[in-house]
Amino acid sequence: MMKKFLIALGGFAFWGAVALAHAQTPSAATAAPTAAPVAELQAGFVKSVRGNVQLLSTAGTPRAASAGDALTAVDRIVTGPDSSAAVVLRDDTTLVVGPSSRLDLKEFHFNATTHEGGVLVSLLRGSMRMITGLIGKTNPDAIRVETQTATIGIRGTDFIVQTDGQP
């Protein structure tokens, strides 16, 4: 009985963090402009962090994540138990990574002028909520989410994916 209560309580905390991150995210139209060379090198930024969250580069070097950190197009986000992170990509896509999760941002490219681009994320373990931005609104086929057993083509703009990480 207590285990079910704790699971439900954790779920409420996770979705509360999702709602807060989404409410605090400025839209692409009102976001402050950034320098073009820097924006092209980064896929987005970490909006918020709760608990133990690590970012791993392609070299495998971990660093503690904090709000405002840049995210490259090939970073891995790792959250500990009772931890979560919200990430905003340059096209205004929001990713909220739940507790005990591993998420690879495998590909991200976006042209701010034409709104063309693509997103490929791989959820290795845990849970993720995605609220698509300009890429998903203009070309839903360009948004893909992989798990160990499936690749999902996105047709909506707000969805949740969860995996247990077992092959």
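The values are calculated or read from the model by the stated rules, or taken from the named source; none is laboratory data. Quick caveat: nothing in here was measured; it's all calculated off a predicted structure. Every residue, glycine among them, receives a Cβ derived from its backbone with ideal geometry; neighbour counts consider all protein chains shown. Side chains are part of the model used for accessible areas, which takes the heavy atoms of the whole protein and leaves out ligands, DNA and RNA. Shrake-Rupley method; radii C 1.70, N 1.55, O 1.52, S 1.80 Å.
Table for the structure above
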{"read-out": "Region 81-110, residues that are of a type outside the set (Val, Ile, Thr), over 15 Å from Ile143 (Cβ atoms) and open to solvent by less than 10 Å² (accessible area, probe 1.4 Å)", "value": "Ser83, Ser84, Ala85, Ala86, Gly98, Ser101"}
{"read-out": "Filter pass, Ala67 being open to solvent by 50 Å² or more (accessible area, probe 1.4 Å), modelled with pLDDT of 85 or more and within 14 Å of the chain's Cα centre (by Cα)", "value": "yes"}
